[in-house]
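The values are calculated or read from the model by the stated rules, or taken from the named source; none is laboratory data. Every value quoted in this text rests on a predicted model; they were computed, and no experiment measured them. Because the Cβ atoms are built from the backbone with ideal geometry, glycine has one as well, and the counts that use them run over all protein chains shown.
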Amino acid sequence: MSKKMYTFIFVTILSALLLAACGSSTPSSAPASGGNDSAAANGSDTDGDGIPDSAEKVLGTDPKTADTDGDGQNDLDDQNPMMADNPIQESSTTQGFTISGLLVENNEDGNGAGVPDHLEFKVTNTGTADLTNFDIYYTITDKDTGAVQGYYRTLPGFTVKPSETKDIHFDNTGQPNHFSVNPNSAFYTDQNGLTLKVTLHTTGLAPQTGSVDKDPGGAEGGVE
């Protein structure tokens, strides 16, 4: 879908939702108290981006993040809030880590118990110094329609020591080495087969890439 068409759909849906939430009456005066008047009029707006949480679910954006795709633009101002361009531009060819074992379904926790589908993979430090300050860019592509979503984010607190291998997860559990995702993304709402492509990076080392397919199926829950 073209960016122009996506923008038209986004604005049309958002306008309809805001009008429905506000109703047809005109307030006689402004609220006496301060705060987010838009949120008060249209329902809760958890991330303060000007889009009510109820509208974010319909639009596919993240109600807990004002910048869903991580491109630096507020969702309300972003022409395509679920499609960031890849900002990782690393010229180094030095190899310092690897990624492996990408999984998106049939996942298990540390005790072998099944957990809802989510993206996870292993990171191995092949160098001699601690690795930190990671960032990641990943895309979700619908195999049937070709529609693509792209997300960028930093991974604060994720450190891998020399010769160490760590699992990294992308879900909404809030556990250590688990990083939040958009619960309304195609990963959870698209029932077609999907392909996820991942680029993991840390400063001064060659980025590592991988891909994994997700089978067609029912909608998944975004909170694990």
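PRO116 satisfies every condition listed in (1) of a type outside the set (S, T, N, Q); (2) under 23 Å from ASP190 (Cβ atoms); (3) in the same structural domain as GLY174 (by TED's automatic domain parsing); (4) modelled with pLDDT of 95 or more except (4).
Here's a check for you: in the stretch 91-105, which residue that is surrounded by 14 or more Cβ atoms within 10 Å (Cβ to Cβ), of a type outside the set (A, V, I, L, M, F, W, C) and under 26 Å from ASP213 (Cβ atoms) is modelled with the lowest pLDDT?
Step one: list which residues in the stretch 91-105 are surrounded by 14 or more Cβ atoms within 10 Å (Cβ to Cβ), which gives 96-99, 102-105.
Remaining after also requiring of a type outside the set (A, V, I, L, M, F, W, C): 96, 98, 105.
This time we only want the ones that are under 26 Å from ASP213 (Cβ atoms), so: 98, 105.
Working: THR98: 98, GLU105: 88.
Looking at the filtered set, the residue picked out is GLU105.
The set of residues in the stretch 51-84 being closer than 15 Å to ILE140 by Cα and aliphatic (A, V, I, L, M) consists of MET82, MET83, ALA84. Of all residues in the stretch 174-201, those that are of a type in the set (Ser, Thr, Tyr) and loosely packed, with under 15 Cβ neighbours inside 10 Å total 1.
The criterion of being without any contact (Cβ under 8 Å) to a residue 12 or more places away in the chain and not in a strand (DSSP E or B) holds for GLY174. From the list LYS197, LYS161, pick out the single residue that is over 28 Å from ALA66 (Cα atoms) and of a type in the set (Lys, Arg). The match here is LYS161. Scoring THR173 on the criteria (1) modelled with pLDDT of 95 or more; (2) in contact with an Asp or Glu (Cβ under 6 Å, 6 or more places away or on another chain) leaves a single failure, condition (1).
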